[in-house]
1. Anything in region 323-344 that is under 24 Å from GLU547 (Cβ atoms), of a type outside the set (Val, Ile, Thr) and either surrounded by fewer than 23 Cβ atoms within 10 Å (Cβ to Cβ) or outside the structural domain of LYS377 (by TED's automatic domain parsing) (or both)? List them, or say none.
2. For PRO515, work out the one condition from (1) exposed (fewer than 15 other Cβ atoms within 10 Å of the Cβ); (2) out of contact with any strand residue (DSSP E or B) (no Cβ under 9 Å at 6 or more places or on another chain); (3) touching a residue at least 40 places away in the same chain (Cβ under 8 Å) it doesn't fulfil.
3. Any idea which residue in region 470-505 is farthest from SER66 (Cα to Cα), counting only those that are surrounded by fewer than 17 Cβ atoms within 10 Å (Cβ to Cβ) and aliphatic (A, V, I, L, M)?
4. Name the residues in region 101-134 that are touching a residue at least 60 places away in the same chain (Cβ under 8 Å) and under 31 Å from the mean Cα position of the chain (by Cα), would you?
5. What pairs come up if the first residue lies in region 539-552 and is under 17 Å from LEU479 (Cβ atoms), the second is surrounded by 22 or more Cβ atoms within 10 Å (Cβ to Cβ) and acidic (Asp, Glu), and their beta carbons are under 7 Å apart, counting only those six or more places apart or on different chains?
6. Name the residues in region 303-316 that are surrounded by 21 or more Cβ atoms within 10 Å (Cβ to Cβ) and within 15 Å of the chain's Cα centre (by Cα), would you?
7. Given ALA526, ALA571, ALA555, ALA566, which one is buried (at least 18 other Cβ atoms within 10 Å of the Cβ) and without any contact (Cβ under 8 Å) to a residue 40 or more places away in the chain?
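The values are calculated or read from the model by the stated rules, or taken from the named source; none is laboratory data. This one's a predicted model, so the numbers in the text were calculated from it and none came from an experiment. We place every Cβ from the backbone using ideal geometry, glycine too, and count neighbours over all the protein chains shown.
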Amino acid sequence: MADLDYSLKIGGEAGQGINTIGDILCKAFAEQGLHLYAYQDYYSRVRGGHNFYQIRIASFPLYSFSSKLELLIALDKASLDLHENEMKADGVIIFDQEKIDPENNVPNSLALPMAELGKKHGGKTVMGNTVAAGAAWQIMGGNPEILYSVLSKLFQGKGNKIVEANIKAARAGSDYAAENFSGRCTCNIKGANNGNSRNSMVMTGNEATALGALAAGCRFMSSYPMTPASGVMQYIARQAGRLPLAFEQAEDEIAAINMSIGAANTGLRSMVGTSGSGFSLMVEGLSYAGISETPLVILLGQRPGPATGMATRTEQGELLFSIHAGNGEFPRAVFAPATAEDAFWITAHAFNIAEKYQVPVIILSDQHLADSSYTVKPFDLNAVTIDRGNLLNEAEQGELTEYNRYQITDSGISPRAFPGQVKQCVVITGNEHLESGYSTENPEIHTKMVDKRIRKLNRMADDVKTPEIYGKQNPETLLLTWGSSYGACREAVDLANAKGEKLQAAYLPQLWPLPNDQIQDLFKQANRVVTVEMNATGQLGRLLRIETGLQPEYAILKYDGRPMNADYVLAELEQGGVFPWQ
């Protein structure tokens with residue numbers, strides 16, 4: 001059986017049910033045993049503006065999206081105008097005949113009376129989106145029972161009548177497509193070599209991040225809603241009623257980080273989420289966590305700036321900001337997951353690093369990763385380790401004659417106790433302090449405390465996450481990247497190497513402290529290094545020059561607010577003369 005690689009897009013205005021169609025099809029594809037990658041493009045407004053939901057399915061793992069479409073579901077005329085040129089020659093278009101005149105002579109298309117069928121068979125015109133899902137599923141040769149099973153699960157919380165109505169609407173769309181579509185579809189998912197397990201989950205980067213936090217024992221989260229990190233906040237807030245954790249929607253970002261710092265200092269694993277503008281407000285709190293040696297996980301969901309920028313678009317513009325934010329000098333760790341699976345494991349790891357070294361840890365996500373959906377195998381929760389660091393046990397607590405929260409040690413890490421655990425007062429402060437925690441302005445003590453905190457940064461090198469490498473060994477060209485840009489690089493490597501090139505991709509899951517030795521090795525093994533990232537100033541390249549003295553030969557930068565894919569990377573490589581493209 002042949003491999004499958006097929007892309008479809010649902011386009012329309014906000015409020016037309018685009019996400020409903022996309023969610024139904026994604027879950028159905030996963031049930032069919034297919035790998036998928038999906039992302040959403042939407043405006044920061046409740047109604048209006050052109051939105052779309054793009055899904056790619058395959059019989060092998062996917063990391064990015066395709067530039068060409070086999071199927072377009074157009075819910076309005078704008079979708080046809082904007083995306084018709086993305087269609088492959090034999091691509092299929094399903095369009096709403098009430099929004100687009102069937103006489104427009106759209107090639108290889110099905111004019112579908114979505115609202116009419118939705119009202120007739122589902123009871124409401126809004127069921128037209130389920131009609132469209134049914135028609136698309138029929139055209140692609142999907143098993144109807146899988147689609148109906150997905151609808152039952154998706155709408156079971158709304159009662160049997162709603163479930164039955166959606167199944168009837170999907171069946172009406174399927175029947176209409178079977179009777180009226182005489183074109184040829186290149187996709188038959190029944191005959192695909194489905195390499196994915198049918199127990200795979202469909203999960204966004206935000207959902208995986210939230211699950212990673214819960215698996216790691218997060219017990220408190222406070223946040224002020226801010227795209228694209230709000231999805232993590234919403235997921236954890238929904239669990240607060242049934243799991244041993246508390247969630248607080250703060251009045252602003254300043255309150256949010258300070259609440260989480262307070263919770264962390266009572267012994268709770270704590271997290272706060274925000275985007276770039278909100279993180280700007282949190283910087284004073286970040287510095288407080290630094291000097292008070294408070295373990296705290298901060299999710300920073302990147303989007304284009306400055307200021308409000310473009311709230312629902314993607315960018316990677318906060319790398320250097322996250323590393324250097326805050327007044328004074330203090331250690332922190334910065335991680336950047338590339339996929340939903342990475343987001344789960346890196347988030348769980350971040351809580352361990354925060355408590356082991358008693359430092360703030362920043363997770364750099366971005367809108368593309370946050371809102372994109374992936375098929376993910378169930379996580380092995382037994383593999384999640386919890387390391388709470390240097391906590392005093394009950395026997396040690398009972399033997400104390402005095403307690404120094406900031407005891408100077410060779411590692412820089414002080415034994416930790418929480419207020420109420422010990423008879424002595426636990427003093428936590430944002431002032432420079434003695435080992436006891438009481439304030440001081442003694443210059444010698446200040447020097448010793450700065451040295452103590454910086455020693456932790458040196459020790460953190462023992463836990464550094466090394467680069468993940470994909471492609472040919474000793475490559476002609478190394479694509480060095482971070483965050484969600486890795487997916488485009490990985491698929492570009494496959495396409496280029498299939499044509500006889502010698503490429504390798506490496507992504508850095510940890511950006512601070514940098515894995516300097518491993519980066520030096522990568523540069524030595526490659527003839528040329530190209531950094532790939534979504535910002536205008538080449539922040540990864542700048543960081544490498546500062547920290548290692550290494551100079552990448554070329555940078556691929558994209559900063560229009562939209563994600564990159566393999567086609568973009570390869571076109572930039574060709575244009576830059578990095579290798580001759582045939």
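1. Answer for region 323-344, where residues must be under 24 Å from GLU547 (Cβ atoms), of a type outside the set (Val, Ile, Thr) and either surrounded by fewer than 23 Cβ atoms within 10 Å (Cβ to Cβ) or outside the structural domain of LYS377 (by TED's automatic domain parsing) (or both): HIS324, ALA325, GLY326, ASN327, GLY328, GLU329, PHE330, PRO331.
2. Single failed check for PRO515: (1).
3. ALA498
4. Passing the criteria: VAL126, GLY128, ASN129, THR130, ALA132, ALA133.
5. GLN539/GLU533; LEU540/GLU533
6. ARG303, ARG313, THR314, GLU315, GLN316
7. Numbers: ALA526 fails: without any contact (Cβ under 8 Å) to a residue 40 or more places away in the chain; ALA571 fails: buried (at least 18 other Cβ atoms within 10 Å of the Cβ); ALA566 fails: without any contact (Cβ under 8 Å) to a residue 40 or more places away in the chain.
After applying the criteria, what remains is ALA555.
Yes or no, residue by residue, for (1) within 18 Å of GLN367 (Cα to Cα); (2) touching a strand residue (DSSP E or B) at 6+ places or on another chain (Cβ under 6 Å); (3) assigned by TED's automatic domain parsing to the domain that holds ASN143:
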{"site": "GLY12", "(1), (2), (3)": "no, no, yes"}
{"site": "THR20", "(1), (2), (3)": "no, no, yes"}
{"site": "ILE24", "(1), (2), (3)": "no, no, yes"}
{"site": "ASP41", "(1), (2), (3)": "yes, yes, yes"}
{"site": "ASP76", "(1), (2), (3)": "no, yes, yes"}
{"site": "LEU82", "(1), (2), (3)": "no, no, yes"}
